[in-house]
Amino acid sequence: MKITVDTGICIGAGQCMVSAGTVFDQDEETGLVILLDESPADDLLPQVREAAQVCPAQAISVDEHA
């Protein structure tokens, strides 16, 4: 699995961090997403999928086959 984030469209809602806090964080100053692990373990796939789905800006992309 490979994750990419587009900080240019991120609105800082923080839902990704709530869904998968070991993979995503937020910048303290801007509130924008910080990708902590672009290739997390496969057992985190459900949480990462949820984070991508609940992102209101759709700033998270997940390639499950990478």
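The values are calculated or read from the model by the stated rules, or taken from the named source; none is laboratory data. Not measured: the values here are computed from a predicted model. For neighbour counting, all protein chains shown are included, and Cβ atoms are generated from backbone atoms with ideal geometry for every residue, glycine included.
Would you check which residues across the stretch 13-22 are part of a loop (DSSP other than H, G, I, E, B) and either closer than 22 Å to residue 66 by Cα or in contact with a Lys or Arg (Cβ under 6 Å, 6 or more places away or on another chain) (or both) and list them? Can you show your working first?
From the stretch 13-22, those part of a loop (DSSP other than H, G, I, E, B) are 13-14, 20-22; that's our starting set.
Once the filter is applied, which keeps residues that are part of a loop (DSSP other than H, G, I, E, B) and either closer than 22 Å to residue 66 by Cα or in contact with a Lys or Arg (Cβ under 6 Å, 6 or more places away or on another chain) (or both), the stretch 13-22 yields 20, 21, 22.
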The stretch 3-12, subset assigned to a loop (DSSP other than H, G, I, E, B) and either closer than 14 Å to residue 50 by Cα or β-branched (Val, Ile, Thr) (or both), residue nearest to the chain's Cα centre (by Cα): 7
Condition broken by residue 14, with the remaining ones in (1) on the phi > 0 side of the Ramachandran plot; (2) exposed (fewer than 14 other Cβ atoms within 10 Å of the Cβ) satisfied: (2)
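Test residue 66 against the stated conditions and say whether it is among the small types (Gly, Ala, Ser) and at pLDDT 95 or above. It would help to see each step written out before you state the result.
Values: among the small types (Gly, Ala, Ser): yes; at pLDDT 95 or above: no.
Here the answer is no, as residue 66 does not meet what is asked.
Considering only the stretch 23-35, I want to know if a residue exists there that is of a type in the set (Ser, Thr, Tyr) and either assigned to a loop (DSSP other than H, G, I, E, B) or surrounded by fewer than 17 Cβ atoms within 10 Å (Cβ to Cβ) (or both).
Start the filter on the stretch 23-35 by keeping residues that are of a type in the set (Ser, Thr, Tyr), which leaves 30.
Going one step further and asking which of them are either assigned to a loop (DSSP other than H, G, I, E, B) or surrounded by fewer than 17 Cβ atoms within 10 Å (Cβ to Cβ) (or both), we end up with 30.
The answer is yes, given that some residue of the stretch 23-35 is of a type in the set (Ser, Thr, Tyr) and either assigned to a loop (DSSP other than H, G, I, E, B) or surrounded by fewer than 17 Cβ atoms within 10 Å (Cβ to Cβ) (or both).
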Among (1) on the phi > 0 side of the Ramachandran plot; (2) within 11 Å of the chain's Cα centre (by Cα) - the single one residue 37 does not satisfy: (1)
Residue list for the stretch 38-66, restricted to those being outside any helix (DSSP H, G or I) and either surrounded by 14 or more Cβ atoms within 10 Å (Cβ to Cβ) or aliphatic (A, V, I, L, M) (or both): 40, 41, 55, 57, 59, 60, 62, 66
